[in-house]
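What follows draws every value from the coordinates through simple rules; no lab data is involved. Keep in mind that this is a model prediction, so the values were computed, not measured. Note that each Cβ is placed from the backbone with ideal geometry, even for glycine, and that neighbours are counted across all protein chains shown.
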Amino acid sequence: MASRVARVALVILQAAVVKAVGASRFAAEGREYFKSYCNHERRWTGPPVKGTSLEQVLLVHRHGARTPWQRVSCWAPAPGEAPRELDFTCPMKMSVGIAGRRPVRKVYSDRGQCGIGSLLPEAAEQFEAVAASLNATYGNVPWWRTLNPADETSVHLYSCDNERNLGSIDLLVTSLFPESRGLLSVHTLPPDTDPWQLPDHVWSSPCPQLFPDVKLREAIVVNESYLDFKRRWRIAANANWHVDHYDCVLTARCSGAAFPENVSSELAHEGLYWDFQENFASKIEWTSVQAARAMTALLDRLVSQAQGDGVRLGIYSTHDTTMMWILRALDAWDGRWIRYAGVVAFELHKLDGRHFVRLLSNGEPLIARSCGNEELCPLDNFTQIVRRWSEAAALCLAPAALDILAESSSLPATYGPDAALLAIPAGLCLCLLLGWVHRWQSARLSRGVTSRPLLG
């Protein structure tokens, strides 16, 4: 009897050890996924390319450090208490001037005068460092010192239509051009039509007829290790873990706010691991289709400059997920979450009469594996990659055409000749596109690249 009890106790102990080891591994991976997220290591210098002429730089940047982007009760400050929101102070205020005679400051009458996703003081330091890094990287380029942000033929400015992005592009431009004076035009669009304002989560295929829907997230949310983490989080934080709770962990970590005594650093970083798994429970094809219009906007600028009719500098203020979706589409993402004030540069180079595109993330060159394993991607190849995703997105946005294709083998007589004629070019387009998708996926598999979830 005693030996049986001992064996049961040993099994329980072994299971506990396995869980503890797994949790420790998850916490370590969570730290790695969000390495440098807070952007405390700020300065960088991108290496030049020898023998080429740099013709254009397009900068895509994330907003700076901010308060949580939605109202959420993060955790209980002490055992037995109710969970609360985090406290911040937001001294930087947005100003508007519709009448044109004086600016009007927007002041939130809330705790710390903070709104949803308001920029924190550290954002100013982050963009000062970004500006210094850009000047260190491009200061020797002849045309860099001639740039004028008030001249739209010289510099193009774009921002998502919210305070943290508009404020961030203002901080960057002010630090980058301290001597510049005059009115600046920052282009934007409503969120529902903005190519740079993309969904935070893409958990299903945007067009199942083209890219099959697979329930990737479901495998994560029922994972026993994930459920075990959620139980431990509930006990420690007195709050139910939700996919967006990662924002509590990261804003607290980046601002230096203390975690409650019951929420250990290991537990918090384990939460980051599971959030990363859940956020990226999507196929690359799904997010690439979402990012197609933003990539097309970049391509249009690159092509215009290659043809001698473009701006020298473009700056786009957007979000982390948008930037990661673009890099995923180009097979250039390094697997880490985009940091606050993070910058991805698209450089246009000219060599021997040909144009090439180079990507850098915070000064580090990236290899777009979809364009081979070279640092310089021929503009023609880059154009083909972007246009293929754009064609896929166009079909995804035309469900009626996809429905007709699905039924074209047995079109009812009531559809008439117009529907049949529509199906012919649409069917040809879809066949060509599906052929490309098949070749693209085969090439990815031959390189050992898959789009399965990161779990396991």
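A few comments on the model shown:
- Ser185-Val49 pseudo-label distance in nm [points 7 Å out on the Cα-to-Cβ vector]: 3.0
- Potential extension, Asn381-Asp161 segment - 0.36 nm per residue separation minus Cα distance: 76.0 nm
- Spatially, segment 254-291 and segment 144-174 are offset by 30 Å when compared through their Cα centroids.
- Reachable aspartates and glutamates, given that their alpha-carbon falls under 19 Å from the alpha-carbon of Lys283 and they are not under 8 places away in the same chain: Asp200, Asp213, Glu218, Asp275, Asp320, Asp331, Asp334, Glu391
- Lysines with Cα under 16 Å of Lys350, excluding same-chain neighbours fewer than 8 positions away: Lys50
- Simple spin-label estimate for Asn240 and Glu261 gives 2.8 nm between the two label positions (7 Å along the Cα-to-Cβ direction from each Cα).
- Contour minus Cα-Cα distance for His201 and Val221 (0.36 nm per residue): 5.8 nm
- Remark: the Ser304-Asn373 segment gains 22.3 nm on full extension, using 0.36 nm per residue and subtracting the alpha carbon distance.
- Reachable lysines from Lys106, criterion Cα separation under 17 angstrom, eight or more residues apart if same chain: Lys93
- Gyration tensor (Cα) of segment 116-213, equivalent ellipsoid semi-axes in angstrom: 32, 17, 15
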